[in-house]
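Asks: Have a look at this one before I ask anything.
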C-alpha cells in the first residue's frame, strides 16, 4: 500500500492518528462545556446566596444602611425610567439611521463613512460613552447628575447596536415587495412606511429589545455620569437624581461585611429575572413573526 | 404636470382607429457601460395583448420595465431615445414616475403579495393614492377581485393573510391588486413562469378577458403562450427588436431568418 | 374621461378619484423631500457622537497635558494622582495583565468551542449549545464582578495562599470567560465559511476529523479567527466592572497576577466618583486615561476590521 512504510508501521500510525482524533474530540467538547459549567456555577451561586434576602420587602424597599432593610425598588424604578428615555431616543435615531443607510444613502464615500463610523462606535468601550456623557450632558448641557443625563448617555451607547439590528431587518425585506409597491405608483416614503417597515418591525423589535436589555445591565457609564448609590426617593423629574439596578448591586458588592454580598446576590437575581423576561419577549416576537416570505 | 389631463386632451384629438398606447422611438439603454437595448422602435396598440418573446438575456424584461420606468430602480441605468405614453413623453422631468405607474400597472414574475390580509393587499393601491373611505374601498376590492376571477375563491376570507393562498391564487391576487387602481396598461413580466399548468391556464384566460378594458403587454419565455394569448408579438434578440407583427403572421410566416430559427427551436 | 373607462361602465371611477385626491397628495410630495433630510440628520447623530467623543477626550486631555508634561505621563512608573504623580504605565501594565490572562483563557477555550461547534457537533447539538454559550455574553458585567470577587477569588486563594483579595488573576480569568462567546461565535462563522469541498478533499484522502480541523479548516479560517481574537482583546481592554470590583484600585507597576492592580478603566471609575471636582487635575487626568484607552481599543477594532476584510476576499 505504501512504498515507504511497512504494513504494520502504517497500521500503528493510523491507530495513533485515530487515538489523537478521539482525544481531541473529548478535549474540544470539554472546552466547550467549560463556559457552560461556569455559567451554571454562576447562576447556582447567585441563587443560593441571594434567595435568603429575596423577599417582597426587598423588592419594595429603598436602600438602607443595614443589609436586612435594603431594597431594590429605587433601582428598579430608576432602570424603568432610564429605559423610558433610552427606548424612544435610541429607537427613533437608530431606526431612522438604518432606513437612511439601507434605502436612501447613495453608494458614496459619505455613506461608507457613516457605516464605518457606526461599526467603530459599537466597539468603543462603554465607559468612554460615560466620559462623553459626563462632559457633554452633565457639564456642558448642565443637566447635572440627572436621570436625563444618564438616559441620553445610555441612548448613545445602544444606538450603534440598534442601527445594526434594524439594518439587518430592513435588508431582509424582499425586493419583490418593494417593486410591487413602486409598481402601483407608491412613492419611496409610502413604500417604506407601508411595506418595508411593517415587514421588518419584528426584526427591529427583537434586536432593539436585546440592545435595551444590554442597557439595563450596563453599569460603568452610569457610574461616570453620576447615578446615585444611595437614594431614598424615586426620581421626581428628568433633572432629578436617580439610581439603577446595576448601580445598586455595585454599591452593595463593594461594601464590607459578610451580609452585603448576599444582598447584592438578591439584587442580581432580580436583575437577571428582568433580563430573562426581556429576552423571552424578544424570542417570542422572533418566533411569532418568523419571516414568512 | 398632470398626466390625466394630458391624456384627456390627447384622446380627443386623435382618431380612434390608430391608437397606440406606447410609441417607442430610438430607445437605447445601458446598465453602466453595458448596453442592453439597441435602438428600439415600436408602436404598441391599445386594448390588445402584445407579447414580447426572446431568449433569456435578450432585453425583453428590461424593455418592459422601461415602459413604467421600473428599470430605474437599478441606479446605474441610462437611457436615450423616446417613449410616448398616449402622446406624453414618459421621460419628461415634469412627469412623476408615480403618476406614470398609476396609469401603467405591473404584474411580476414571482407572485409578490404583501404580507397583509387579502383585503389590505387590494386596498393598498387605492389607499396610497388617498382613497380612504371604507365604502369606496369595499367596492374597489370586490370589483378588482371579480375582475381577476378570484372573488369566489376568497370572498369569505378577505381578512386572512394573502400568504395562505396557493401560488396561482397569489398571482391572480396580484393581478387584482394591479386592477384596483384601474390602470390603462398592465405590464406582465413572465407572470406564469412560477405557476403550475392549471394556474397558468387560468391566468391566460384572465388575460383574454382583461384585454377588453386594458392594454396588456406580456413578456413570456413560452412561445405557445405568446401564440395563445397575444394579438401582436415582438421578438427580441441580444437587445434588438428583430421583428414585430401580428402574432399569427409572426409565428406562421416570420420575415426574419432569426425569428424563424427561434420559433422553430433552433436556439434559445 | 378616456374612452376605455366609459366601456368599463364603472360605478366608481378610481382614476378620477385619484386625480381629485391629487391636491391632497401634494403634502405627500413635500414629505417625500423632507423625510430623507430628517433621516440623514438622524444618521448624522452617530457621526456627531464619534466627534463628541473625540472632542471631549481631546479637549480635557489637552487641559491635562498643560499641567502634566507628556513624558511624565508616558514614562513615569508611578500613578498616584492624589499625591501628584501621573505616570500612566502602571495602569497600562494593569490593563495588559488583565487582557493577557483573559486571552490565555478565552483563546484556547473559544477556538476549541468554535472547532467543536463547526466541525464535530451535529446540527441539533449546535442549536442547543450556541445560544446557551451566548447567554454568557448577555450577563451584565457587574454580575461577573460579583462572581469573581465572591467565588473565583476564594477558590483561587485555596490554590495560591499568597493571593491578595483584589487580584489580577481572578478578574482576568472572569474577563476571559466573558469573552469566550465572542471568540467562539466569530471564529465559528469564519470556519463555517470554509467551503465544504476543502473538507471533503482532505477526508477523501483518509484524514481524521482532527486533522481536517487543524490542517485544513483552521488555516483557511485563520484570518477570521485572528480577527475574532483581536476584537476580544479590544473588549477585554475596555472591560470595566469586573476589574473595578475584583482587581482592585492599586496602580502597582507589576506583572504579578496575584497582586492587586488598577486598569485604565478602573481608574476612570475611581477618578470620576464622588469627590473629584470639575476642573481639578484629577478630573483632567481621567480624560487623559480615557483617550489612552480609546486609542488602544480603536486600534484593535481597526486592526480586526482590516484582517476581516482581507479574509473575505479569499474565497
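The values are calculated or read from the model by the stated rules, or taken from the named source; none is laboratory data. These numbers were taken from a predicted model, which means no experiment stands behind them. No Cβ is skipped: glycine too gets one built from the backbone with ideal geometry, and neighbour counts run over all protein chains shown.
Asks: Would you please name the residue that is farthest from the other protein chains (Cβ to nearest Cβ), looking only at residues in region C:255-283 that are surrounded by 24 or more Cβ atoms within 10 Å (Cβ to Cβ) and either in contact with a strand residue (DSSP E or B) (Cβ under 7 Å, 6 or more places away or on another chain) or in contact (Cβ under 8 Å) with a residue 60 or more places away in the chain (or both)? Don't jump to the end; show me each part of the working.
Replies: Narrowing region C:255-283 to residues surrounded by 24 or more Cβ atoms within 10 Å (Cβ to Cβ): C:261-269.
Now drop any that are not either in contact with a strand residue (DSSP E or B) (Cβ under 7 Å, 6 or more places away or on another chain) or in contact (Cβ under 8 Å) with a residue 60 or more places away in the chain (or both), which leaves C:261-267.
Details: C:261: 17, C:262: 14, C:263: 10, C:264: 9, C:265: 5, C:266: 9, C:267: 10 Å.
Among those that are surrounded by 24 or more Cβ atoms within 10 Å (Cβ to Cβ) and either in contact with a strand residue (DSSP E or B) (Cβ under 7 Å, 6 or more places away or on another chain) or in contact (Cβ under 8 Å) with a residue 60 or more places away in the chain (or both), it is C:261.
Asks: Mind checking whether some residue in region C:3-24 is more than 30 Å from residue A:191 (Cα to Cα) and either within 11 Å of chain A (Cβ to nearest Cβ) or not in a helix (DSSP H, G or I) (or both)?
Replies: Within region C:3-24 (the criterion being more than 30 Å from residue A:191 (Cα to Cα) and either within 11 Å of chain A (Cβ to nearest Cβ) or not in a helix (DSSP H, G or I) (or both)), the answer is yes, since at least one residue qualifies.
Asks: Test of understanding: among A:247, A:216, A:209, which residue is more than 11 Å from chain C (Cβ to nearest Cβ), closer than 30 Å to residue C:290 by Cα and part of a helix (DSSP H, G or I)? Break it down stepwise before answering.
Replies: Numbers: A:247 fails: more than 11 Å from chain C (Cβ to nearest Cβ); A:216 fails: more than 11 Å from chain C (Cβ to nearest Cβ).
Just one listed residue meets the conditions, A:209.
Asks: Let me confirm something: among A:128, A:92, which residue is at pLDDT 95 or above, surrounded by fewer than 24 Cβ atoms within 10 Å (Cβ to Cβ) and within 10 Å of chain C (Cβ to nearest Cβ)?
Replies: Working: A:128 fails: surrounded by fewer than 24 Cβ atoms within 10 Å (Cβ to Cβ).
Only one candidate qualifies: A:92.
Asks: Given the conditions (1) under 24 Å from residue B:22 (Cα atoms); (2) facing chain C (nearest Cβ under 10 Å), report the number of the one that residue B:190 does not fulfil.
Replies: It fails just one condition, (2).
Asks: Also, I was wondering about something else. Specify the residue that is farthest from the other protein chains (Cβ to nearest Cβ); the eligible residues are those in region C:144-170 that are surrounded by fewer than 19 Cβ atoms within 10 Å (Cβ to Cβ) and without any contact (Cβ under 8 Å) to a residue 40 or more places away in the chain.
Replies: The extreme case among them is C:161.
Asks: From C:235, C:199, grab the single residue that is closer than 23 Å to residue C:302 by Cβ, in contact (Cβ under 8 Å) with a residue 12 or more places away in the chain and buried (at least 16 other Cβ atoms within 10 Å of the Cβ). Quick ask: steps written out before the conclusion?
Replies: Values: C:199 fails: closer than 23 Å to residue C:302 by Cβ.
Answer to the selection: C:235.
Asks: Turning to a different aspect of this structure: Cβ-Cβ under 8 Å, sequence separation 6+ or interchain: first residue in region B:201-213 and within 21 Å of residue B:21 (Cβ to Cβ), partner loosely packed, with under 14 Cβ neighbours inside 10 Å. Which pairs?
Replies: Pairs that qualify, where the first residue is within 21 Å of residue B:21 (Cβ to Cβ) and the partner is loosely packed, with under 14 Cβ neighbours inside 10 Å, are B:212/C:7; B:213/C:7.
Asks: Additional query: Test each condition in (1) outside any loop (DSSP other than H, G, I, E, B); (2) in contact with a helix residue (DSSP H, G or I) (Cβ under 9 Å, 6 or more places away or on another chain); (3) without any contact (Cβ under 8 Å) to a residue 60 or more places away in the chain for residue B:234 and report the one that comes out false.
Replies: (3)
Asks: Of everything in region A:165-178 that's crowded, with 20+ Cβ neighbours inside 10 Å and either under 16 Å from the mean Cα position of the chain (by Cα) or without any contact (Cβ under 8 Å) to a residue 12 or more places away in the chain (or both), which residue is farthest from the other protein chains (Cβ to nearest Cβ)?
Replies: For region A:165-178, the residue satisfying everything is A:165.
Asks: Also, quick follow-up: Can we say residue A:59 is modelled with pLDDT of 90 or more, in contact with a helix residue (DSSP H, G or I) (Cβ under 9 Å, 6 or more places away or on another chain) and assigned to a helix (DSSP H, G or I)? Outline the logic, then answer.
Replies: On the way: modelled with pLDDT of 90 or more: no; in contact with a helix residue (DSSP H, G or I) (Cβ under 9 Å, 6 or more places away or on another chain): yes; assigned to a helix (DSSP H, G or I): yes.
In short, no.
Asks: I'd like the full set of residues that are at the interface with chain A (Cβ under 7 Å from one of its Cβ atoms), without any contact (Cβ under 8 Å) to a residue 24 or more places away in the chain and within 15 Å of residue A:26 (Cα to Cα), limited to region C:109-143.
Replies: Within region C:109-143, C:112, C:116 meet the criteria.
Asks: Hey, can you tell me all the residues within region B:93-107 that are buried (at least 21 other Cβ atoms within 10 Å of the Cβ) and not in a helix (DSSP H, G or I)?
Replies: B:104, B:105, B:106, B:107, listed by residue number.
Results for (1) within 27 Å of residue A:225 (Cα to Cα); (2) out of contact with any helix residue (DSSP H, G or I) (no Cβ under 7 Å at 6 or more places or on another chain); (3) in the same structural domain as residue A:161 (by TED's automatic domain parsing), shown as yes or no for each residue.
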| site | (1), (2), (3) |
| --- | --- |
| A:33 | no, yes, no |
| A:46 | no, no, no |
| A:77 | yes, yes, yes |
| A:86 | yes, no, yes |
| A:95 | yes, no, yes |
| A:99 | no, no, yes |
| A:115 | no, no, yes |
| A:120 | yes, no, yes |
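Asks: Is it the case, given these coordinates, that residue B:183 is in contact with a helix residue (DSSP H, G or I) (Cβ under 7 Å, 6 or more places away or on another chain), in contact (Cβ under 8 Å) with a residue 60 or more places away in the chain and surrounded by 16 or more Cβ atoms within 10 Å (Cβ to Cβ)?
Replies: Details: in contact with a helix residue (DSSP H, G or I) (Cβ under 7 Å, 6 or more places away or on another chain): yes; in contact (Cβ under 8 Å) with a residue 60 or more places away in the chain: yes; surrounded by 16 or more Cβ atoms within 10 Å (Cβ to Cβ): yes.
Spelling it out, residue B:183 is indeed in contact with a helix residue (DSSP H, G or I) (Cβ under 7 Å, 6 or more places away or on another chain), in contact (Cβ under 8 Å) with a residue 60 or more places away in the chain and surrounded by 16 or more Cβ atoms within 10 Å (Cβ to Cβ).
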